[in-house]
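Okay, structure first, notes after.
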Ligand SMILES: Nc1ncnc2c1ncn2[C@@H]1O[C@H](COP(=O)(O)OP(=O)(O)OP(=O)(O)O)[C@@H](O)[C@H]1O
Ligand SMILES: [Mg+2]
């Protein structure tokens, strides 16, 4: 009896350790950014100057950069993820599909610095020589396609991020597809024996789950740090001048400048950026979790 | 010394707002086989699990009334359920040897975790328990192999040996043969008979024939009520209640 | 005649649809294969005895290896595991074995959310909490890695324990074994494979983490010299080396990437194979 009580409270203590860490994380980030918060307040969010030399910091360009880059990566990744998941579930024999699924899931575990390294030394030169230059020679008269072509930049960054979040979205989509009840699938088959109809009906059925999966991917893309910092070019600007231009994101600036930050306000501003990043990702994750939770509950009741 | 091992007084039980057993009164005789019969959902398993305080571990489960084991109300607040359970072994519907554990450890673990460390004693008890269930000759060379490697019937006997190792005075069995083939079932049945020589057995069974073969006493449950109980001869030859008669004749259940 | 045409058109659309899907697959697989191929072909030439035994060269210096980074990474992971594994297992036990308590669903939710927090933020937390007080240190880095491990180990422990059938616990209780012994010596034992799987996956995850390393102990190229001092780290080195203009460092970056890739693949695939085998056995 006594041993059981001790056991219960010990394990409970460690479970609460997670909750406490979570609360402390929010508090410590606030504390760490206090200097910047007291100096710039909320206008930090709408200021557009980042000038370490004079101690002036504002995050708006980074926020825009983060939103654009992560949405772009989702835009690239979502159709591919859905396509890959459909192929895995509907087209391939089970054995091959399983092996491929393991490979794809494993890619989610590949360190982000390796994606970054590859993006910097393989993808960027390839795009610079074979894609961006061709596009420029064809559409160079449009401002969107003009400007310097480094290979690295926000478009390349979005592509690398898309690669990184595809395994996550694919895995969730695959599980959703596998969970579609047979009654729904049979309804599709009665419309004709075509896989296309079946696929479309299944996609329609899992739409809410797909939305949640996208949010999870988006959350991951927003928080992704090293890879994006390696391929985006790390240049502070409100908007890029062309598709091939460099840019910056909230996470990239932390990775790129943290070790260079030499005085307290500078460091504090970077922690403040971390706080903003936390707020955004928390919102995205929590919404995604709630949707998944409600989706599984509704489905469970049917 | 009373002739009754367990006396159940005014027991009602259920899950949340659901009443599953209503006002049960039953005396379970010492060193005899008492069979609990009844159709599916009549509350047999619930009743059995009340006798060793397993019932209360199910979320939402509640129980009222008194269960007296050797003169002590096991639901008294001062009573430690763990100590009660040491006296009352249990065998389940599906064989459930402990996973990732050798045959030897499956039998010895109850003693080990209750503080018995002496290797000789352990060896001795493991051997005796396996002998009683007739498994010793079959597994004596494989004691280190996982218990889950055995066949279904062997697993069930292993589970009985596991219960025997801690030397319980009462053994509860919840349809112990319902997931086994006929031959394994017969082996278990003769084993049950043997165990009753110096232990009190309460066995839940769906199977009227099994009750006829084994039981000294019979209790018949229907929709949460104890309809009829008494010596097997009486209940089978001259049931007082129409429902009992129907059940015994195979018309319900 | 008319009908035939409609049918043909339908079949054509279906084929086009299939082709689009296969294209999606190819668009994804080509870069993935390229990542693996390039890492192997550029990393392999860097791997030699010096690579594993010599310390990190200074910027621009020739030769050298990553020996101190290997040491530092092992130390960081060991320290992180020292905190992360017990905390994760114990909290997973609570969430599974006391799941009838209402509080567990709240903790589970927080745990899921914590799991989703970007590692750079976990790193910043550890920076403010530890590095700011005692300086850039392996302690701060390991703490952040532990915080990344804990939700993973917790979730996997909880799921593995849940897979152990309730009657196993009941059988143990009816032998008069108290709950705590039942959980530790019987239930945990039955769930061990799943838990080991989770631990390997979580190590696979933190071995490649560089963002939290960057903000908690920065780049360092010497041997371990105390818990309150930094150590070198393989994943972070890839970032530092890759962003540098020095040929030799870039070479070491690829070599390190290959080593990490192999480790991560092993740590991801071995547990998955273990799980597959287990599934087969349960079927
Ligand atoms: N965990 C539970 N939660 C809620 N209700 C339960 C639970 N277990 C059993 N019940 C309900 O209690 C009633 C009696 O169940 P019990 O398992 O005791 O019957 P039984 O006679 O053993 O049936 P069977 O022959 O099918 O094993 C049933 O109506 C069942 O639905
Ligand atoms: Mg039952």
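Just need log10 I(q)/I(0) for chain B at q = 0.07, 0.10 Å⁻¹, Debye formula, equal scatterers on the alpha-carbon atoms, no solvent, rounded to two decimals.
For chain B at q = 0.07, 0.10 Å⁻¹, log10 I(q)/I(0) is -0.24, -0.49.
Cα atoms only: what Rg and Dmax, in Å, come out for the stretch A:91-192?
19.7, 55
Compute the distance in nm between two label points, each set 7 Å from the Cα along the Cα-to-Cβ direction, one at residue A:16 and one at residue A:38.
3.2
Beta carbons within 10 angstrom, averaged per residue: use that to sort the peptides C:37-50, A:128-141, highest first.
By packing density, highest mean first, the sequence is C:37-50, A:128-141.
Averaging sequence separations of C-alpha pairs under 8 Å and six or more residues apart, then dividing by the length of chain A, give the relative contact order as a whole percent. Write out the running numbers ahead of the final one.
On the way: 406 pairs, mean separation 81.7, N = 302.
Relative contact order of chain A: 27 percent.
How large are Rg and Dmax for the stretch C:43-138 when only the alpha carbon atoms are used, in Å?
Both quantities, over Cα of the stretch C:43-138: 19.9, 62 Å.
Return the FRET efficiency for the residue pair residue C:22, residue A:239: r is the Cβ-Cβ distance, R0 is 45 Å, and the value is rounded to the nearest 0.05.
With R0 = 45 Å, the Cβ-Cβ based efficiency is 0.75.
So what is log10(I(q)/I(0)) for the stretch C:130-283 at q = 0.08, 0.13, 0.17 1/Å, when the Debye sum runs over its Cα atoms only?
Per q value, in the given order, log10 I(q)/I(0) is -0.36, -0.75, -0.99.
What FRET efficiency comes out for residue A:204 versus residue A:142 if R0 is 25 angstrom and r is the Cβ-Cβ distance? Round to the nearest 0.05. All intermediate terms of the calculation are to be shown ahead of the outcome.
On the way: r = 37 Å, r/R0 = 1.47.
That pair, residue A:204 with residue A:142, gives E of 0.10.
Give the relative contact order (percent, whole number) for the stretch B:1-74; include only Cα pairs under 8 Å separated by 6+ residues.
RCO, the stretch B:1-74: 40 percent.
For the stretch B:143-253, what is Rg from Cα atoms divided by 2.2 N^0.38 Å, rounded to two decimals?
1.19
Could you compute how fast chain A diffuses translationally, taking Rh as the Kirkwood radius over C-alpha pairs and applying Stokes-Einstein at 4 °C with viscosity 1.567 mPa s? Give it in µm² per second.
Values: Rh = 21.8 Å.
It diffuses with D of about 59 µm²/s by this estimate.
Can you tell me the equivalent ellipsoid semi-axes for the stretch B:18-99? Use √(5λ) from the Cα gyration tensor, largest first, whole Å.
Each semi-axis is the square root of five times an eigenvalue, giving 19, 17, 16 Å.
Give the distance, in whole Å, between the Cα centre of the stretch C:185-239 and the Cα centre of the stretch C:13-31.
What the calculation gives is 38 Å, centre to centre.
Label residue B:124 and residue B:80 with points 7 Å out from Cα along Cα→Cβ: what is the distance between them in nm?
Simple spin-label model gives 2.5 nm for this pair.
Along Cα→Cβ, 7 Å out, is where each label goes; now give me the distance between the ones at residue C:192 and residue B:237 in nm to one decimal.
Inter-label distance under the simple model: 5.6 nm.
From the gyration tensor of the Cα coordinates in the stretch A:49-118, what semi-axes in whole Å does the equivalent ellipsoid have, largest first, with each one equal to sqrt(5λ)? Don't skip to the answer; put the middle values down first.
Numbers: eigenvalues 310, 47, 8 Å².
Here the semi-axes work out to 39, 15, 6 Å.
To test your reading of the geometry: what angle, between 0 and 90 degrees and rounded to tens, separates the Cα axis of helix B:182-195 from the longest principal axis of chain B?
90
Using Cα-Cα distances under 8 Å and only pairs 6 or more residues apart, what relative contact order does the stretch C:63-141 have, in percent?
Relative contact order here is 27 percent.
P(r) of the protein assembly as shown in 10 Å steps, Cα pairs, percent per bin?
2, 11, 18, 19, 16, 13, 10, 7, 3, 1, 0
Averaged over peptide C:28-39, how many Cβ atoms belonging to another chain are found within 10 Å of each residue's Cβ?
6
Residues of C:181-188, mean number of Cβ from any other protein chain within 10 Å of their own Cβ, rounded to a whole number?
Taking all residues of C:181-188 together, the mean is 5.
What's the center-to-center distance, using Cα atoms, between the stretch C:84-151 and the stretch B:77-139 in Å?
39
Please rank A:246, C:73, fewest neighbouring Cβ atoms within 10 Å first, as an exposure proxy.
Exposure proxy ranking, most exposed first: A:246, C:73.
Return B:54, B:83, A:265 ranked ascending by Cβ neighbour count within 10 Å, so the fewest neighbours appear first.
With the sparsest Cβ surroundings first, the list reads B:83, A:265, B:54.
Please determine, in degrees from 0 to 90 and to the nearest 10, the orientation of helix B:152-165 with respect to the longest principal axis defined by the Cα atoms of chain B, where the helix direction is its Cα long axis.
That works out to roughly 90 degrees.
Any idea what angle helix B:119-132 forms with the longest principal axis of chain B, computed on alpha-carbon atoms, 0 to 90 degrees, nearest 10?
The angle comes out near 50 degrees.
How long are the semi-axes of the equivalent ellipsoid of chain C, taking √(5λ) for every eigenvalue λ of the Cα gyration tensor, in whole Å from largest down?
One finds semi-axes of 37, 35, 18 Å for chain C.
So what's the projected area for the stretch B:73-122, the Cα convex hull averaged over all directions, in nm²?
Averaged projected hull area, Cα only: 5.0 nm².
Return the Rg/Rh ratio of the stretch A:177-300 with Cα-based radii and a Kirkwood Rh.
1.19
For chain A, what is the calculated [θ] at 222 nm in deg cm²/dmol (nearest 500), taking -39500 (n - 2.57) for each run of four or more DSSP H residues and dividing by its residue count?
So the helix-based figure for chain A works out to -22500 deg cm²/dmol.
Within the P(r) computed for the stretch B:181-245, what percentage of the Cα pairs occupies the region above 14 Å? Don't skip to the answer; put the middle values down first.
Numbers: 1262 of 2080 pairs.
Cα-Cα pairs in the stretch B:181-245 separated by more than 14 Å: 61 percent.
FYI, it's all coordinate maths here, none of it is from the lab. No experiment lies behind these values; they were computed from the predicted model shown. A quick note on method: Cβ atoms are made from the backbone with ideal geometry, for glycine too, and the neighbour counts reach across all protein chains shown.
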